[in-house]
1. Taking the convex hull of the Cα atoms, report for chain A its projected area averaged over all directions, in nm².
2. How many Cβ atoms of partner chains, on average, are near each residue of A:375-382 if near means within 10 Å of its Cβ?
3. At R0 = 45 Å, how high is the FRET efficiency between residue B:416 and residue B:623 if r is their beta carbon distance? Nearest 0.05 is fine.
4. Could you work out how much longer the chain between residue B:580 and residue B:647 gets when fully extended? Use 0.36 nm per residue separation minus the Cα distance between them, nm to one decimal.
5. Quick one: plug the Kirkwood hydrodynamic radius of region B:1-81 (C-alpha pairs) into Stokes-Einstein at 37 °C, 0.692 mPa s, and report D in µm²/s.
6. Can you give me the C-alpha center-to-center distance between region A:175-199 and region A:448-482, rounded to a whole angstrom?
7. At q = 0.06, 0.09 Å⁻¹, what is the base-10 log of I(q)/I(0) for chain B according to the Debye formula with one equal point scatterer per Cα and no solvent? Please give it to two decimals.
8. In 5 Å bins starting at zero, report the fraction of Cα pairs in region A:58-132 per bin as a rounded %.
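Any read-out appearing in this document is the output of simple, stated calculations on the displayed coordinates, not a laboratory observation. If you're wondering where the values come from, they're calculated on a predicted model, not measured in any experiment. Cβ atoms come from the backbone with ideal geometry, glycine included; neighbour counts cover every protein chain shown.
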């Protein structure tokens, strides 16, 4: 187990990953402890810690060695020796960008969507949520992951039920019970995996040990355990037909809650599939891949159709998430480098564009106090800047080339095409439907002549523009130049595909290359060749 | 000049960026001139690259790639943001930038007084950038970037006057319909990559000969699906007539001269693949083109909206281009694309000048006798008319004749359809010219009842009414501002604007920024035929120039020169017959014959669009509703049902349960702690 040993040797330097989890948790505690006589400090403390965490995640990005495929910057603190459970954190190309996304989105949500009452608990829960999310993305111990995966439910439950809209209690309960139902299976799976894997020897929850030693479990056991994990993740993603908690939770959650729920928390499910599905159970993954891709493609079409028929803007965006996450599930189970890279990238893209959409809807709500499209009209004339930003984010969500959403969708569809051709051809119709529901929504809300209720509203303030600016910049940048992101994802994804190939009879399809000279070597210089 | 290829698209992009950031501050005329200058400079760079390319290799066998950076890389899939300059792309760039510059210039006058003037030019610059990326891209994906970009700009510009719901719907319809085609384009990219391991054009062209027939058919067939959407062919043409809701310069640039020809360009680009396909595919392409050409021509016969006639005419002419592609006549397709760009842009801009001059009226029944009041517009429009009608020596004759020649070689049936279309074209364009510029003045007449078909174009009417008023008081600068405001207020009420326009119409010639482009385009429409004269091999400039690009797919004629001359003569006689008939019916004003020609079924476009709308609003909507109902009632209902069952069972155990979820939540948190504690205890003991 050289990687494990090497990782443990690296703990002498500053434990930046641990810091990234501890700092927001400490921030939550400190925010909660701010004196009642100094209420103005609450937001300042919370923002300070959120920004500090964001800076730490950028630090992780800076320290990340893009040539390494394995886990980096690992921290390990022994916790329990038998069974071996540890505070083991590590980052690779798959989790790196989700960590950075979390670090960026939380301060933006905090600044862009302040609560209308009870600031202190709101910010404290939000920071605790951030700690949980980062912990889940960084955990290399299955038990630690489970704990983190569960911890995030509590703050989100309180955020929805405490600061949400009219139906918030119903939505919060539904969200909580539904996800708990899934997690129950994962708890059983986690414990069973560790003990069955031990075969009577020392029990360990170390992810890398469990994953790298394949062949210990019987085929049937592996498949059952995969399903135990898969149900938890499928609820979280959510995969159709386990998705109905999402529209309710999104509609009722406060803006910041929706941003984080869509931007970060849904990714716990898709990330879970990659880390605890593909990595832990390669054989079962291969076995269930056609079913999972089918569910993903169904989600793309089904989510888009449901989104088209929504009357409430937040529900519409929620169903569009179901469709987008369907792409990610399909790409993940395509088991190709392109599909997996596209999936990881699309997790980030979806976080940016859907996060931005929910922020904009929140800003719209501040002005109009409704999400009902029937009541909104002609707003492009009233609030042209908001409309312009909305248009850009919408086009990113539709998958317009030149904006971030396209790159992820293209790679997912391409990767899926290589192993499941007809699924990809059907899934590609999702891009038609996406344009239907989003353009229709845009027309109803922003086009036409505004009636009296929709005139005289203030356009985006400078503070709101500043909140949107980083998201808009990233949406354009990742569409024009996604290579720095893809370069860092690639080695880890290639390693994961190789891991599956080593442990099953799966072989990634290789495309034939006509002539090595064409298109590949002609970069950065002009080549003149004969015409045919 | 080769290092400067990137400048060709970069200049309009810079114009877009400047207008986005500072457009409002630049003020009206500066914003327009800046955008025009950017596209003009882009044209000059293109000319420079063209001359270098011609000089360096004697006009033969060369292609040049320039890569800026690696755009997307994932596993074996690697795509550069790169440009390919070869005779095809440089020809496209020349006419795209050239005509775009003229239309920008025209728009300075046309959009005068619009409150979102700078945004109009911002979108227009972005469009030119996207179109150039489409044309210059050295692989399918960069072309797709431009392809979607022009689609988005088309959407922005069709719904530019978004106050009117109809304009907004037209923009949405264009985007969504195009997306159906884009699905084909994307799938084609996947097939190409999985078959060849690359999507660069150089790789595709070099590797095409090794493609299995099925794969080649899939690639070309799916790309044709994309082309059908973008180039408005049956069955996806429905968005283009509606797209006339956009300002007229947009119709001229995007929906006549450039964007809609993108499908023809892409099919020509991959002609080596098309050469490897099963025989049915080229035949299908030619048939779709021929049928679309005839279909749209019949619809154009009975339109009364000056722009709708031209819209259906564009669909029809694009049909000719696909007839050429399907017949293997790629040079003829590109030739017709270029001549069509000149005369159709000219006709649209002329129509815009007329609309501008008569205060926003678009119904031809309320025009007439305008040739004396708008002499430049009338003269140039007539040039465009003769060109599209195929009267020698105007450009349209040469390009259309060449297509018909290859169509004859492919199948006499296709040729016959093309010929009938040509006769109809000469006729309906004659009808338009006579209704607009000849006869007696009808702009003060009472409104015809059926004029409502132009209702959704009211945005344009409103806008032009505004611009006209501004101009009339233009002598007094201060007065102009005041009037502009007054007109804006009036413009809020469409009917009011109409009434204002009708009460007091004074048709007048347009300003020089609008007439100069007309004159230049008319010049092009006259002489563009010289690009490819059939009389001698050395006169076939375009054919020699494009030869290296199309040699793999280009069909070789088997007909003798006697047949060629005979077919040409038949085409000329057909065109003249169409003109003569138009003279008889419309110049002599024989309403009895006209009523027989203008069948209601033509006016309704054979009910095609209505049928699609009925399907989408009827069964289509019901299916979507059913799915949404299923989601609400069955899927979510099951979840809530389980919850109810559990709660029912839970009631018996109420003594333990408070029923408050927050208690459960805390319970879970504590439960996790207890579990950890248990394990800890296990570790300790």
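1. Details: hull surface 106.0 nm².
Its average projected convex-hull area is 26.5 nm².
2. Numbers: counts 0, 0, 1, 4, 0, 4, 4, 0.
Counting other chains' Cβ atoms within 10 Å and averaging over A:375-382 gives 2.
3. Details: r = 41 Å, r/R0 = 0.91.
Approximately 0.65, to the nearest 0.05.
4. On the way: separation 67, 0.36 × 67 = 24.12 nm, distance 8.48 nm.
Full-extension gain reported as 15.6 nm.
5. Working: Rh = 15.0 Å.
D, rounded to a whole number, is 219 µm²/s.
6. Between the Cα centres of region A:175-199 and region A:448-482 lies a distance of 42 Å.
7. For chain B, the Cα-only Debye profile gives -0.38, -0.76.
8. Computed distribution, short to long bins: 3, 12, 17, 17, 15, 14, 11, 7, 3, 1.
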